[in-house]
Amino acid sequence: MIKQTTHEFWIENPSTEKFPAEKVADCNATLLLSAQGAPLAYRGVCTVTDIDGDIFVATNGATKPDFSDCTWAMHGGTGKYAGVTGSGLCMPGGPITKDGNNSKFSWTGEWVLP
């Protein structure tokens, strides 16, 4: 099992003027590996802040070794993200190493504002 804390830079495209494309995310994740080092399950939670200081919380996870069932969800926030929900799919886009330090994901889906 690997527990990882990361400080990430996210760029969303497309974005609207009201929602800045660039954000920073503080994420905590757990990756469960088999005895051979293959991924078995992944769960993460991120607190994301934009340039205005507004914050939202998002989770993601997968239970299949190839991450083909990876999903994400938004759970509200502050400022412009107050009451926001959303969900979608995520897909690994790069190697996920045994030490948990190399990962890259692509995200699709939508946000819903109240």
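Computed from the coordinates by the stated procedures, all read-outs in this text should not be read as laboratory data. In this text, all values refer to a predicted model and were calculated from it rather than measured experimentally. So basically every Cβ, Gly included, is an ideal-geometry build from the backbone, and we count neighbours across all protein chains shown.
Starting from the 7 Å offset along Cα-to-Cβ, what nm value, one decimal, do you get for the label separation of residue 13 and residue 40?
The modelled label-to-label distance comes out at 3.8 nm.
In what order do 47, 5 fall by count of nearby beta-carbon atoms within 10 Å, going from fewest to most? Write out the running numbers ahead of the final one.
On the way: 47 14, 5 8.
Ascending Cβ contact count within 10 Å gives the list 5, 47.
Would you mind computing Rg(Cα) / (2.2 N^0.38 Å) for segment 1-57, counting N as its residues?
1.43
Number of Lys-Lys pairs in the chain under 23 Å by Cα, sequence gap 8 or more or different chains?
Qualifying lysine pairs in the chain: 9.
Taking H as built 1.01 Å from N, whose amide H comes closer than 5 Å to the amide H of residue 84, not counting residues under 5 places away?
76, 77
How big is the convex hull of the Cα atoms of the chain, per residue, in Å³?
Hull volume over Cα atoms, normalised by residue count, gives 90 Å³.
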